[in-house]
Amino acid sequence: MTGSTGSGREERKKKTAIEEAKKKIAEEAKGEPLEVEINRIIAGRAEKQQFERDKYFEIWDKYVMSYKYSYGRQSPFFKELYLNKRIMGAKCPKCGMVYCPPRSHCSECYEENKWITLSDIGTVTTSVACWYVSAEFFIEVPYVCAYIKIDGADTSMLQRIVSQDVERVKPGMSVRAVFREQREGKMSDFYFVPKDEYEYWLQEERKKAQGKT
Amino acid sequence: MPERVAVVGFGVTRFAARHPNATYFELAFDAVKGALGDAGLTTKDVDAAVYGVYNDLFERQFMQDVLIHDYLGLYGKPGVRVTTGGSTGGYAFREAYLTVASGLHDVVLCVGAEKCADCFDYVVGKPTPEVVKAIAYSADMTYEFPSGMYAASSYALLARAHMDKYGTTEEQAAKVSVKNHKNAILNPIAQSPMELTVEEVMKSRMIAYPFKMLDCCLYTEGAAALILATEKKAKRITDTPIWVKGIGAANDKAFTGFRSTTDKMGKYGDIADLRSHYAAAEAAYKMAGITDPIHQLDLAEIHDAFSFTELQAYEAMRFCPPGGAGKFIDDGIPERAGTLPCTVSGGLIGCGHAVGATGIMQTGEVVMQLREEAGKKQVPVKKGNGLVHSIGGPGSCYCTVAVLGRDKEKGRK
């Protein structure tokens, strides 16, 4: 994983640790925390509420908020992503800095940036394999998040990298964006894959889309 | 000229995984009662208060500060809340310092409290996933959170970049975990005192590569309080005032991917270097007149959110050159018996991370050490100076550094 890894024995040890971690995660990921399921659990437990150890009183509770969230001047990025499967950047007319994720104005010059279409290809700056997360991402672990510098941009964007072998994702690796067929106008509408796995994941997306229709 | 400011009182609750029999405002109350007792003051003597409480979702309550303020009986006096992620304690201390240094108030209370384990994942049947989620909402919700970014992953990206740039190893980071768990054994308030081996840390469950479970700090419930006063008041209150000699703070770009060697903070490095930590330390050292930290400090309390973060902080605090942190721990310099003991409280890994309270607890630790009242965990004090480091935010963007020092001639009450 790093330049300083040791013998094959150590590599195997690491593999075993990863296998064990996978098993533990699988045990915990019993299912998604569906609103319905939570309500059922709360209802079931409310009947049994009592003073524990006669010292304190604990109740079951939850906290839900709904939004109609505006992307404001970031909207062109999400609109292009949603409608046209394109990654947009924003270029400062004064210093020439290309932002991706985009900004409507340059944070250095305060000039209004110009929208430009960027490539769907980029390079990994740094990456992380995530193993312990909250319930909404349980079923996806282990997954890789990485900062990716899109060709033509000066900044790196955080995005998911999907690969048949998560261990091969490394800084300097060339990656390409795959857009989901069912998009919602969110960052999760696309992800990156190692360039040589692009065709495979494109087929997977198509299969998923056909399965749904 | 700003007023000279001293810390004259410290109080702290036990740092525990759960305080089922206390609410956040009750924990804050307990810490304040301790601090007032330590200083020999009552609330009548307090002119203003600063509160450090990080997370509204943890507490199931917005604006917790007014409720704590009421509970403490401080109505009629000003109070303000600071919330800056993991560095909430550090920034709250800075606000309290400013309130006194400006000459606006003479005696200011600085309180941090956090109660996170009320978050609960019904499906898994334990708090952890919901606690992790409540923290994750600190990441940018527009571009970054949807990819599945959590606090550990955010800091792991920085660690990974450090490994790639400087060749830092997982074993070197594990040594920090071993050291801090061990330091916690001597700390009566600590949540996770343990005798560990590097191998055990390496074998612990994977969280976000390169972080294993024992590389990560704990989530903790607890509170801590400090009392700050002007020079005139401090000398009346105590014979052992601990002076705030230097305060530095800086925030780097919260979008970690925007950090580059060509921007305004480029002189401190790139994504692999905690640039806000460098900038904060530089400012604090300049104010305190510290030019050779390793020989002018007796101890440093580092915000070891993750083992690698402490390594990266050694470099930013100028204890060793960039890339030298691995060797620094290999040489045993930050160990309890080393040249510069680091995180003798056990830090976030050993003592616990009660977010809003953490920076205040660590500041209190340095105060008690400089007073030579730290009990079993006391380290030798020869130079009379200590450092407190407090960090937070996505990609460790927030950082505050405080240099504390005692009078040359130490008298006892």
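The values are calculated or read from the model by the stated rules, or taken from the named source; none is laboratory data. If you're wondering where the values come from, they're calculated on a predicted model, not measured in any experiment. As a convention, Cβ positions derive from the backbone with ideal geometry for all residues, glycine included, and neighbour counts pool all protein chains shown.
What the table below lists for this structure:
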{"quantity": "Condition check for B:Val381: surrounded by 24 or more Cβ atoms within 10 Å (Cβ to Cβ) and either over 25 Å from B:Tyr155 (Cα atoms) or touching a residue at least 24 places away in the same chain (Cβ under 8 Å) (or both)", "calculated": "no"}
{"quantity": "Candidates B:Arg160, B:Arg81 - the one that is among the basic types (Lys, Arg) and within 11 Å of chain A (Cβ to nearest Cβ)", "calculated": "B:Arg160"}
{"quantity": "Conditions (1) at pLDDT below 95; (2) over 16 Å from A:Ala135 (Cα atoms); (3) facing chain A (nearest Cβ under 9 Å): number failed by B:Gly167", "calculated": "(1)"}
{"quantity": "Subset tally (residues that are within 7 Å of chain A (Cβ to nearest Cβ) and surrounded by fewer than 19 Cβ atoms within 10 Å (Cβ to Cβ)) for region B:199-217", "calculated": "2"}
{"quantity": "Count of residues meeting criterion [touching a strand residue (DSSP E or B) at 6+ places or on another chain (Cβ under 6 Å) and in contact (Cβ under 8 Å) with a residue 60 or more places away in the chain] in region A:177-204", "calculated": "5"}
{"quantity": "Selection within region B:53-71 - more than 12 Å from B:Thr88 (Cβ to Cβ), more than 14 Å from every other protein chain (Cβ to nearest Cβ) and not aliphatic (A, V, I, L, M)", "calculated": "B:His69, B:Asp70, B:Tyr71"}
{"quantity": "B:Ile135 in contact (Cβ under 8 Å) with a residue 12 or more places away in the chain, buried (at least 22 other Cβ atoms within 10 Å of the Cβ) and within 11 Å of chain A (Cβ to nearest Cβ)", "calculated": "yes"}
{"quantity": "Tally, over region B:142-151, of residues that are within 24 Å of the chain's Cα centre (by Cα) and within 7 Å of chain A (Cβ to nearest Cβ)", "calculated": "2"}
{"quantity": "Selection count where residues are at pLDDT below 60 and not in a helix (DSSP H, G or I), scope region A:39-64", "calculated": "8"}
{"quantity": "Looking only at region A:129-147, and only at residues there that are within 12 Å of the chain's Cα centre (by Cα) and β-branched (Val, Ile, Thr), the one that is nearest to the other protein chains (Cβ to nearest Cβ)", "calculated": "A:Val133"}
{"quantity": "Condition check for B:Ser260: under 30 Å from A:Pro102 (Cα atoms), outside any helix (DSSP H, G or I), touching a helix residue (DSSP H, G or I) at 6+ places or on another chain (Cβ under 8 Å) and among the polar types (S, T, N, Q)", "calculated": "yes"}
{"quantity": "Number of the exception - A:Gln182 against (1) polar (S, T, N, Q); (2) farther than 15 Å from A:Thr125 by Cβ; (3) within 9 Å of another protein chain (Cβ to nearest Cβ); (4) over 14 Å from the mean Cα position of the chain (by Cα)", "calculated": "(3)"}
{"quantity": "Qualifying residue in region B:18-37 (condition: in contact with a Pro (Cβ under 9 Å, 6 or more places away or on another chain) and at pLDDT below 95)", "calculated": "yes"}
{"quantity": "Total residues in region A:109-128, condition over 24 Å from A:Glu199 (Cβ atoms) and within 8 Å of chain B (Cβ to nearest Cβ)", "calculated": "3"}
{"quantity": "Qualifying positions in region A:177-213 - in a helix (DSSP H, G or I) and under 30 Å from B:Ala159 (Cα atoms)", "calculated": "A:Met187, A:Ser188, A:Asp189, A:Lys195, A:Asp196, A:Glu197, A:Tyr198, A:Trp201"}
{"quantity": "Members of region A:68-94 found to be at pLDDT 95 or above and among the basic types (Lys, Arg), listed by number", "calculated": "A:Arg73, A:Lys79, A:Lys85, A:Arg86, A:Lys91, A:Lys94"}
{"quantity": "Odd one out for A:Pro171 among (1) facing another protein chain (nearest Cβ under 7 Å); (2) in contact with a helix residue (DSSP H, G or I) (Cβ under 6 Å, 6 or more places away or on another chain); (3) under 20 Å from B:Tyr143 (Cα atoms); (4) not acidic (Asp, Glu)", "calculated": "(3)"}
{"quantity": "Test: residue in region B:107-121 that is farther than 20 Å from B:Phe25 by Cβ, modelled with pLDDT under 95 and in a strand (DSSP E or B)", "calculated": "yes"}
{"quantity": "Complete set of residues in region A:148-162 that are within 7 Å of another protein chain (Cβ to nearest Cβ) and among the β-branched types (Val, Ile, Thr)", "calculated": "A:Thr155"}
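Conditions tested, residue by residue: (1) surrounded by fewer than 24 Cβ atoms within 10 Å (Cβ to Cβ); (2) free of Cβ contacts under 8 Å to residues at least 60 places away in the same chain; (3) of a type in the set (D, E, K, R); (4) away from every other protein chain (no Cβ under 14 Å).
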residue: B:Gly76; (1), (2), (3), (4): yes, yes, no, yes
residue: B:Arg94; (1), (2), (3), (4): no, no, yes, yes
residue: B:Cys116; (1), (2), (3), (4): no, no, no, no
residue: B:Thr128; (1), (2), (3), (4): yes, no, no, no
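Every residue, every condition in (1) surrounded by fewer than 23 Cβ atoms within 10 Å (Cβ to Cβ); (2) at negative phi; (3) touching an Asp or Glu at 6+ places or on another chain (Cβ under 9 Å), yes or no:
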{"site": "B:Arg236", "(1), (2), (3)": "yes, yes, no"}
{"site": "B:Asp252", "(1), (2), (3)": "no, yes, no"}
{"site": "B:Thr262", "(1), (2), (3)": "yes, yes, yes"}
{"site": "B:Ile271", "(1), (2), (3)": "no, yes, no"}
{"site": "B:His277", "(1), (2), (3)": "no, yes, yes"}
{"site": "B:His295", "(1), (2), (3)": "yes, yes, no"}
{"site": "B:Ala300", "(1), (2), (3)": "no, yes, no"}
{"site": "B:Ser307", "(1), (2), (3)": "no, yes, yes"}
{"site": "B:Arg318", "(1), (2), (3)": "yes, no, yes"}
